[in-house]
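Report on the structure given below.
The values are calculated or read from the model by the stated rules, or taken from the named source; none is laboratory data. Keep in mind that this is a model prediction, so the values were computed, not measured. Cβ placement follows ideal geometry from the backbone for every residue including glycine, while neighbour counts extend to all protein chains displayed.
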Ligand code: S3P
């Protein structure tokens with residue numbers, strides 16, 4: 001498939017199998033969970049939040065996994081879960097911000113779905129995550145520096161993985177959800193009509 005960038009989103013009918021699932025990728029605080037939860041049912045998709053599912057299966061919070069097993073342990077669990085979930089269809093999957101770091105995950109996402117990058121600025125992230133105390137990677141003396149460093153490392157990887165980019169605007173969640181729905185509907189409709 002020709003990878004779409006901002007706005008160019010129409011896969012050809014032969015790409016139908018690529019939209020078995022929709023993957024929301026992007027950094028912490030970009031709205032993957034809140035928007036995904038709102039939009040999935042409207043599109044007739046099951047909503048899965050990978051971190052929540054991991055916490056449900058492990059019985060502990062992500063921060064505890066980081067504490068006990070380190071980031072490497074968390075990444076392995078994250079990969080195993082993604083490999084499992086990606087086998088199912090008709091899901092809108094909110095991934096964790098670092099999921100794209102593992103090339104195996106990028107391969108899974110591209111093989112089992114259509115990836116949309118919710119792109120947020122560091123300023124937006126800082127505002128939205130102001131009260132967050134649950135994310136281990138935010139436990140840094142200088143959050144802005146940490147988020148900038150993550151963005152510098154990860155933005156090229158989000159860009160490489162994404163089929164489409166949706167810029168996070170300073171709009172109410174309900175309005176952003178409408179934009180996400182409008183962005184995804186043609187992708188799913190194209191797939192349905194090709195079945
Ligand atoms: C992480 C993002 C988190 C979670 C974990 C690591 C990251 O998910 O997976 O704390 O590496 O950016 P969200 O993007 O949903 O906050």
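Quick one: which helices (runs of 4 or more DSSP H) sit completely within region 109-195 and have at least 3 residues that are closer than 13 Å to residue 26 by Cα, touching a residue at least 60 places away in the same chain (Cβ under 8 Å) and in contact with a helix residue (DSSP H, G or I) (Cβ under 8 Å, 6 or more places away or on another chain)? Those helices (runs of 4 or more DSSP H) span 143-161. Looking at region 164-174, can you tell me whether even one residue there is loosely packed, with under 13 Cβ neighbours inside 10 Å, within 11 Å of the ligand (Cβ to nearest atom) and more than 20 Å from residue 52 (Cα to Cα)? No, region 164-174 contains no residue that is loosely packed, with under 13 Cβ neighbours inside 10 Å, within 11 Å of the ligand (Cβ to nearest atom) and more than 20 Å from residue 52 (Cα to Cα). Among residues of region 27-38 that are at pLDDT 95 or above, those with a Cβ under 7 angstrom from a residue that is assigned to a loop (DSSP other than H, G, I, E, B) and near the ligand (Cβ under 7 Å from one of its atoms), sequence gap 6+ or separate chain, pair up as 27/97; 28/97; 28/135.
Looking at 52, 78, 61, just one residue is buried (at least 19 other Cβ atoms within 10 Å of the Cβ) and either within 13 Å of the ligand (Cβ to nearest atom) or closer than 19 Å to residue 135 by Cβ (or both), and that residue is 78.
Any residue that is outside any helix (DSSP H, G or I), within 26 Å of residue 190 (Cβ to Cβ) and within 14 Å of the ligand (Cβ to nearest atom) - is there at least one of those in region 95-107?
yes
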